[in-house]
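The values are calculated or read from the model by the stated rules, or taken from the named source; none is laboratory data. Small disclaimer: the values here were computed from a predicted structure and weren't measured. Cβ: placed from backbone, ideal geometry, glycine included. Neighbour counts: every protein chain shown. Quick note on the areas: whole protein, heavy atoms, side chains included, nothing else; ligands and nucleic acids left out. Shrake-Rupley method; radii C 1.70, N 1.55, O 1.52, S 1.80 Å.
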Amino acid sequence: MAISLEIDEGLFRTYVFYTAVLVLKVLAMAPLTAKQRFAKMVFANPEDAKMNSKSKVKFDDPDVERVRRAHLNDLENIPFFIVACFGYLLTSPNVYIATNLIRLFVASRIIHTIVYTVIVLPQPARGLSWFAGYATTLYMAVQVILSFV
């Protein structure tokens, strides 16, 4: 039994573009963590702390840990989206809906980082931005399962 796995070219270009945006977003978290470490002069390794006499080894600085948690949250959510979204593209989805779901996920992850690490806002800002991305990934994964049963 042959399956036709055609993906709309414009939709695939959208997927590849926004996947690259997400990759850059995750990569940007490392310099953001380093910025916090240098601003607070707290490091995780003794050899790094020796760079400056005011530096110290500390594993629980709240500002550094906040950025690290945001980075970890990206690593827990973005790879699953990339996989689920690719599968979703194989279901021949409505191009308008799929494009906007991809944009919603990317926007939610960017907003999540901003409200978690840059302009810290009280809940439910972070929770809502996380949930928008989570729900998007969940929807896509369920559509893949339903389409390939």
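Out of THR136, THR91, THR113, I need the residue that is touching a residue at least 60 places away in the same chain (Cβ under 8 Å), surrounded by 16 or more Cβ atoms within 10 Å (Cβ to Cβ) and either out of contact with any His (no Cβ under 8 Å at 6 or more places or on another chain) or aliphatic (A, V, I, L, M) (or both). Which one? Only one candidate qualifies: THR113. Checked against (1) in contact with a strand residue (DSSP E or B) (Cβ under 6 Å, 6 or more places away or on another chain); (2) at pLDDT below 80, ASN45 meets all criteria but (1). Take PHE12 and tell me if it is among the aromatic types (Phe, Trp, Tyr) and not in a loop (DSSP other than H, G, I, E, B). So PHE12 passes the test.
In the condition set (1) buried (at least 18 other Cβ atoms within 10 Å of the Cβ); (2) over 19 Å from ARG109 (Cβ atoms); (3) touching a residue at least 12 places away in the same chain (Cβ under 8 Å), THR14 is compliant with all but (2). Listed by first and then second residue, the pairs with beta-carbon distance under 6 Å, at least 6 apart or on different chains, first residue in region 43-71 and in a loop (DSSP other than H, G, I, E, B), second open to solvent by 60 Å² or more (accessible area, probe 1.4 Å), are ASP61/LYS40.
To keep it simple, each residue is scored yes or no on (1) at pLDDT below 95; (2) within 30 Å of GLN36 (Cα to Cα); (3) open to solvent by less than 20 Å² (accessible area, probe 1.4 Å); (4) touching a His at 6+ places or on another chain (Cβ under 6 Å).
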| site | (1), (2), (3), (4) |
| --- | --- |
| PRO62 | yes, yes, no, no |
| ARG69 | yes, yes, no, no |
| ALA84 | no, no, yes, no |
| VAL95 | no, no, no, no |
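Scan region 139-149 residue by residue and report those that are open to solvent by 80 Å² or more (accessible area, probe 1.4 Å) and either assigned to a helix (DSSP H, G or I) or touching a helix residue (DSSP H, G or I) at 6+ places or on another chain (Cβ under 7 Å) (or both).
Step one: of region 139-149, the residues open to solvent by 80 Å² or more (accessible area, probe 1.4 Å) are 139, 145-146, 148-149.
If the condition is that a residue be open to solvent by 80 Å² or more (accessible area, probe 1.4 Å) and either assigned to a helix (DSSP H, G or I) or touching a helix residue (DSSP H, G or I) at 6+ places or on another chain (Cβ under 7 Å) (or both), then TYR139, ILE145, LEU146 are the ones that fit.
Among the conditions (1) without any contact (Cβ under 8 Å) to a residue 12 or more places away in the chain; (2) closer than 30 Å to ARG13 by Cα; (3) of a type outside the set (A, V, I, L, M), the only one that PHE80 does not satisfy is (1).
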